[in-house]
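Read the structure below first, then the notes.
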Amino acid sequence: MSETIKLNANNLEHLPEGVMVPNYNRTKIKTGIVHVGVGNFHRAHQAFYTDQLLCKGKGNWGISGIGLLNEDRKMYHAFTRQDGLYTLMVLDPDEKLRPRVIGSIVEYLFAPENPDRVIEKMADPEVRIISLTITEGGYNQDPATGEFNMSEKSVQWDLHHPDQPQTIFGYLTQALKHRRERKMPGLTILSCDNIQHNGEVCKKMLISYMKEAEPNLVNWVEQHISFPNSMVDRITPVTTPSDKEHLKVQFGIEDLWPVVCEPFIQWVIEDNFANGRPEWESVGVQFVEEVDPYEKMKIRLLNAGHSLLGLTGLLYGYRTIDETVRNPLLASLLREFMDKEATLVLGKIEGIELEGYKDNLVQRFSNTKIKDQVSRICAESSAKIPKFLLPTIREQLDRGGSIQFGTLIVATWCRNLELAGTSDYSIEIQDSMRNELEQKAKASVNDDPLSFLRIEAIFGNLVHYRRFVDTYLQMINELRRHHIDEVISKLLRR
């Protein structure tokens, strides 16, 4: 298109036909939800569901987004310039792109700039839900012990500077303290992260922090705050310059930060809300008594499958996930892992036909329009592998089942770390534990062959399981001697 329109509230009525826009008056929407961690996934998932709800005229549940980290400044500027609006681009391989402008985020606050304002927003009596997408690592949980890491630097800062917190736990503690002191009702803290039992984990970590920071607050939280578990699902890659250009050229919309996603979407939540909730079920959200079987299925199949494709794909030099699935060997490896290891520890899941679910996963991964970066999938593997993959390996060890496919993923991870920084390896490792990971992986080549497995914060006591260690050593040695193609081919022939 020759003319372009900058996305903001004043220009909504000037957007071209075919672009869906909010049909509700955003100036009259009150904030009922505070959401911490407004990344692409939240904007393609919870904010999308809530926008649908507002379009149906069901309730008054606007979202106040919170940027907790310094790196959220870019998002803050985008939201400020666009009045909280952004374009959601659903990429179906077989259908025409139909962009939708989302308006459910009616406010965005940048915490490092004004922490007190964020605390007061969380303590606002109209706010009845605080939801979180802070990534697996944001919960500060030691993967080896399952306990809260009290010695972490920002946690120590919060303990000594409670009015200028840096972590989600510091903010929540101050906000809930205000609510108790002002004799206000409780609320729901809703984790939307890819952690099994995410609500329980969130509660445990927060209570652990409070016992040090505000011990007198613990009983009130136990009585007035609910932490439902939830399972979320929608593949949402990083926005690229070409995504912005596509939106600009095809629809004439200048959007500083649009979101692309797949058509599939799922949200399963335990119906345990302390102070009311949106009628999300009217737009497809599933409320259940027990979410555990659904989240276990998703984490063990989709998230672990993503890690399998990402870590092996790096060794092939692939850039996107759809490239990996088009490799017949990797597609077969994925299916063998799902069928022979992950599925066997899932049990029955009401309303889910697992074979169809796995078939659908492969189709979703192979969507050529979702250019999900392999680097994104592999980022922060130190937080992902202990939750997505290692539980399956442990359960298979306990039941005497196959562990070879899951162990290959671990060995592939180590091999990537060994190669990091060499002339034959161009990918930069993105991980908060990067230095230790690379050091231990490289030491395992000529020094201690098990040094990588001795990272207790990740692997716990797995290094003491003889069958796992023997399988791992076989896999890593083969990866060092042969191309990954040959290693996978040999494994699939067994």
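Below is a table of values for the structure above.
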read-out	value
Carbon/sulfur fraction of accessible area - the stretch 240-371, other protein chains in place, 1.4 Å, %	50 percent
On Cα atoms only, tilt of 466-481 relative to the major axis of the chain in degrees	80 degrees
Where N is the number of residues in the stretch 242-379, Cα Rg divided by 2.2 N^0.38 Å	1.24
Net charge, K358 excluded, C-beta distance under 9 Å - Lys, Arg +1, Asp, Glu -1	-2
Normalised contact order of the stretch 364-454, rounded percent, pairs of Cα under 8 Å and 6 or more residues apart	26 percent
Over 25 Å between alpha carbons, listed pairs K153/K203; K74/K244; K204/K348; K296/K369; K203/K384	K204/K348; K296/K369
Candidate lysines - alpha carbon under 17 Å from K490, same-chain residues fewer than 8 apart omitted	K340
Relative contact order %, the chain, counting alpha carbon pairs below 8 Å whose residues are six or more apart	14 percent
Accessible area of the stretch 201-319 divided out per residue, in Å², using a probe of 1.4 angstrom	35 Å²
Loop-resident sites, the stretch 403-494, for GluC sites (Glu not before Pro), counting at most 14 other Cβ within 10 Å (DSSP)	E428
Helix axis angle, 390-399 relative to the chain longest principal axis, alpha carbon, degrees	50 degrees
Whole-percent carbon and sulfur share, accessible surface of the stretch 14-142, 1.4 Å	46 percent
Accessible surface, per residue, of the stretch 51-127 when the full set of protein chains is kept, probe 1.4 Å, Å²	43 Å²
Contact order normalised by residue count of the stretch 440-492, Cα under 8 Å, 6+ apart, percent	18 percent
Cα pair distances exceeding 19 angstrom across the stretch 391-471, given as percent	38 percent
Difference of contour (0.36 nm per residue) and Cα-Cα distance, A457 to E350	35.1 nm
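The values are calculated or read from the model by the stated rules, or taken from the named source; none is laboratory data. Here the structure is a predicted model, which is why all the values come from computation and not from measurement. A quick note on method: Cβ atoms are made from the backbone with ideal geometry, for glycine too, and the neighbour counts reach across all protein chains shown. These area figures cover heavy atoms from the full protein model, side chains too; ligands, DNA and RNA do not enter into them. Shrake-Rupley method; radii C 1.70, N 1.55, O 1.52, S 1.80 Å.
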